[in-house]
Amino acid sequence: MAISNDSDSSLLLGKETVYKNTYDASLLYPIARSNTREGLLGESVEQYSLPFEGVDVWSAYEVSWLNAQGKPQLRLAEFTFSHNTVNIVESKSFKLYLNSFNQTKFDSEDQVKHTMLKDLKASADGEVNVSFYGLDDIDELIIDELPGYCIDECSIDVEHYHPKAALLSRSCSPSETVNNELLYSHLLKTNCPVTNQPDWATIFIAYSGKKILPENLLAYLISFREHQDFHENCVEQIFIDIQQQCKPSSLAVYARYTRRGGLDINPLRYSLDASSKQFFDGLRLRTRRQ
């Protein structure tokens, strides 16, 4: 099922809701990816060919249910959605859905995972993966020292707080090439398109090709500061803008958003050539901000 209207009256985000604590798959609310992609790519959903692959990695820190004896069980969960699922799952509906497990008995952890996997595949309409971790495993999943070069200390004058791709057009040196450069910034801030609440992220950009000047890339990333959109759509816009303006031979963009409501969303998009994905092998881990 694909929901074509983000402002549908049944959308729970930004509304006062009743929190159910018994299992209810109907709480999940899908939103069609085509809503944004058609505008971003300038083509109808029947015509466009995506210039990227990737995944959306959701981390859930408040997953709990009751075992057969009524004893609470607690896990950290990671949900991985393919970039080409028909829908994204609206974040508040996802939170409400996870809460509905809190007072529900299950015979085993595998039964919980199987139930979630079935429901999320149906809602997203595509490939989904579910992994559980014990709380003692969390420290092993955190990066202490981030790879690459942080561009946040660049001295720049900032004038734009809405996305401006033209800032990237002067970011590329015509004479210098760089192989496999990895840059990152902690200064990405976007806003929820329904509630306008701020969303904060550390963003990684790996590329090969003409050198992207870090000061201009930073100005471009900061230009999202007042932009309203879902995390997945913001990352796809950043990918498309860099690809069109700088024309790298390979590109990967990965945002690790901080959690809200016990969930963080981490979209990764990389170009279709095989080399771009290798930049992020082993990097699907939590930053200290998360």
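Brief remarks on what is shown
- Matching residues in region 90-110 - criterion: being open to solvent by 10 Å² or more (accessible area, probe 1.4 Å) and over 14 Å from L74 (Cα atoms): S91, K92, K95, D107
- Consider region 1-59 and keep the residues that are at pLDDT 70 or above and among the β-branched types (V, I, T). The one that is surrounded by the most Cβ atoms within 10 Å (Cβ to Cβ) is I31.
- Of the residues examined, V86 is not one that is modelled with pLDDT of 90 or more, open to solvent by 20 Å² or more (accessible area, probe 1.4 Å) and under 12 Å from the mean Cα position of the chain (by Cα).
- Region 133-178, subset modelled with pLDDT under 95 and aromatic (F, W, Y), residue surrounded by the fewest Cβ atoms within 10 Å (Cβ to Cβ): Y149
- Screening Q73 against (1) surrounded by fewer than 16 Cβ atoms within 10 Å (Cβ to Cβ); (2) outside any strand (DSSP E or B) leaves a single unmet condition, (2).
- Helices (runs of 4 or more DSSP H) fully within region 191-282 that include at least 1 residues being touching a Lys or Arg at 6+ places or on another chain (Cβ under 6 Å) and either open to solvent by less than 10 Å² (accessible area, probe 1.4 Å) or over 23 Å from E153 (Cβ atoms) (or both): 231-246.
- Residue in region 137-152 that is over 26 Å from S185 (Cβ atoms) and in contact with a helix residue (DSSP H, G or I) (Cβ under 9 Å, 6 or more places away or on another chain) present: no
- Any pair with Cβ under 7 angstrom, 6 or more apart, that starts in region 120-136 at a residue that is farther than 11 Å from L28 by Cα and ends at one that is open to solvent by 40 Å² or more (accessible area, probe 1.4 Å) and of a type in the set (S, T, N, Q): G126/N84
The values are calculated or read from the model by the stated rules, or taken from the named source; none is laboratory data. Here the structure is a predicted model, which is why all the values come from computation and not from measurement. All Cβ positions, glycine included, derive from the backbone under ideal geometry; neighbour counts span all protein chains shown. In case anyone asks, the SASA skips ligands and DNA or RNA and just uses the protein heavy atoms, side chains included. Shrake-Rupley method; radii C 1.70, N 1.55, O 1.52, S 1.80 Å.
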